[in-house]
Amino acid sequence: MVRRVAVVGAGVSGLAAIKCCLEEGLEPTCFEQSEDIGGLWRYTDQAEEGRASIYRTVFTNSCKEMMCYSDFPFPDDHPNYMHNARLQHYICKYAEHFDLLRHIRFKTLVTKVKKRPDFSVTGQWEVVTQKDGKEETAIFDAVMICSGHHVYPNLPLTEFPGIQKFKGCYFHSREYKEPEKFRGKKVLVIGLGNSGCDIAVELSTVASQVYLSSRSGSWVMSRVWDNGYPWDMLIITRFRTWLGNILPRALSDWLYVRGMNRFFKHENFGLMPLNTTSRKEPVFNDDLPSRIACGVVVMKPNVKEFRETSVLFQDGTVQNDVDVVVFATGYSYSYPFMEDDSIIKSRDNQVTLYKGILPPQLEKPTMAVIGLVQSLGPIIPTADLQCRWAVKVFRGRGDLNQPLFFLSSLPQRYGNSTTLQTDYITYMDELASAIGVKPNVLKLLLTDPQLALEVIFGPCSPYQFRLMGPGKWSGARKAILTQWDRTLR
């Protein structure tokens, strides 16, 4: 019988894990190596070892109605997209509202997680922690790993010949905080992800020139979509997902590419993805096309070779007098505290997890990896539902007898992906069905047609997974029917 649960990390996933454990009558103990909650969203002036790091001007890519915890909406007066400081404030309010802080041990580093000798019978884990130089060992019935995947920078220097000869300065985007020290410099940013584009746009306001190098291109979307509404409230709907699933693949791909090119033609801006029908997560940046149009950001192909002060690109062009190179080349996932790293990592550095959560080869399902799934959807409600599913499994109430549904990571732009790629609504419904919280649309059409139409054609906001079943929230219906009001507010 699972009772005591160790939660590693007190970011958005860790807090959801604590709350879900408490709701199921479990006893969570959360270990957080820093002095505060928030994980990725807690800004610090210096990148800290073993912790995710963001730059000062990071804003959310998902709007407030789509990215909140499913039973804790953002205040009405908050903007649709938030600066990291405001999101951190919301995270603190969530922890305070549900009284989660008393279950967290701060400044405590998890150094080892290993199976007990009798694991095949008990499913128990030995967790070793360190605080103020003192080591402590405790036994837990289950472990929830919520340490995120933006901690260990992927710096693939071997892929860039001549980097050792380069006389300028180079570093990973994890170290970047603000633009002022790059005033008047020529900067090359390598990597066309969200961080690379954000940093290139921000540096273009102070640098003499910014070059943005991409190996394979990417779709670039604006946060502001049709009629000025948030992109995700218009795109992440049950109706669109259903339509995408029934249309022939060729037609679906054509519509996808047409939709992505609706505001500007990617080909003309040097941004066109090599695989045009790839549904990998697009980049969200409202300013990049205009920065390219103004000439302050120049798109470049992949780097072929570095020289002392110049860079040779794959198309044969050379850029002289480059002062700084920022490698926005993503992150490698790592769980250094796992004594047996094959539990999570399978061959070729790939991840395979049942439902994107459970390591499949465990004799007992008493470990959950939260927040490693990536979809065209917000992470907070995804992690929230993953935790609700995981604790049900720990208690023996989750449906593990469904057809096996594994997620494996897909190759990404540099090296291997650190995340598991999936469709947002399909994945959320899969978890919700297993624990009895998926909205019953047919029943709603008969009993509450107004709500049913909003559930089908409106945004698939997190409140939908609190309408019925275990964990039902009395405010969910009202939250769904007033979500557009809060967006306009």
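The values are calculated or read from the model by the stated rules, or taken from the named source; none is laboratory data. Worth saying up front: this structure is predicted, and the values here are computed from it rather than measured. When we count neighbours, we look across all protein chains shown, and the Cβ atoms used for this are built from the backbone with ideal geometry, even at glycine. Just the protein is used for accessible areas: all its heavy atoms, side chains included, with ligands, DNA and RNA removed. Shrake-Rupley method; radii C 1.70, N 1.55, O 1.52, S 1.80 Å.
Scanning the range 138-176 for residues that are out of contact with any strand residue (DSSP E or B) (no Cβ under 7 Å at 6 or more places or on another chain) and open to solvent by 20 Å² or more (accessible area, probe 1.4 Å) yields G148, L157, T158, E159, Q164, K167, E175. Going residue by residue through the range 460-476, is there one that turns out to be closer than 18 Å to T241 by Cβ, in contact (Cβ under 8 Å) with a residue 40 or more places away in the chain and open to solvent by 50 Å² or more (accessible area, probe 1.4 Å)? Looking for residues that are closer than 18 Å to T241 by Cβ, in contact (Cβ under 8 Å) with a residue 40 or more places away in the chain and open to solvent by 50 Å² or more (accessible area, probe 1.4 Å), one finds none in the range 460-476, hence no.
Among the residues of the range 71-123, those that are of a type in the set (F, W, Y) and under 23 Å from R3 (Cα atoms) comprise F98, F106, F119.
F264 passes every criterion in (1) touching a Pro at 6+ places or on another chain (Cβ under 6 Å); (2) modelled with pLDDT of 95 or more; (3) of a type outside the set (V, I, T) apart from (2). Residue-level check: of (1) open to solvent by less than 10 Å² (accessible area, probe 1.4 Å); (2) assigned by the TED database to the domain that holds T108; (3) outside any strand (DSSP E or B), G196 misses just (2). Scanning the range 13-33 turns up at least one residue that is over 30 Å from D286 (Cβ atoms), of a type in the set (D, E) and open to solvent by less than 20 Å² (accessible area, probe 1.4 Å).
The set of residues in the range 246-271 being over 22 Å from V224 (Cβ atoms) and touching a residue at least 12 places away in the same chain (Cβ under 8 Å) consists of D253, G270. For the range 296-311, the count of residues that are in a loop (DSSP other than H, G, I, E, B) and under 23 Å from the mean Cα position of the chain (by Cα) is zero.
Restricting attention to the range 246-280 and to residues that are within 24 Å of M299 (Cβ to Cβ) and among the aliphatic types (A, V, I, L, M), the residue that is most open to solvent (accessible area, probe 1.4 Å) turns out to be L274. Does the range 200-228 hold any residues that are open to solvent by 40 Å² or more (accessible area, probe 1.4 Å) and modelled with pLDDT of 95 or more, and which are they? Once the filter is applied, which keeps residues that are open to solvent by 40 Å² or more (accessible area, probe 1.4 Å) and modelled with pLDDT of 95 or more, the range 200-228 yields T205, S208.
Taking the numbered list (1) of a type outside the set (D, E, K, R); (2) assigned by the TED database to the domain that holds L26; (3) touching a residue at least 60 places away in the same chain (Cβ under 8 Å) in turn, P117 passes all entries but (3). All of N416, N440 fail the test of being more than 16 Å from D384 (Cα to Cα), open to solvent by 10 Å² or more (accessible area, probe 1.4 Å) and at pLDDT below 95, apart from N416.
Can you name the residue in the range 66-91 that is in a helix (DSSP H, G or I) and under 16 Å from the mean Cα position of the chain (by Cα) and, of all such residues, is nearest to Q464 (Cα to Cα)? Taking the candidates together, the pick is M66.
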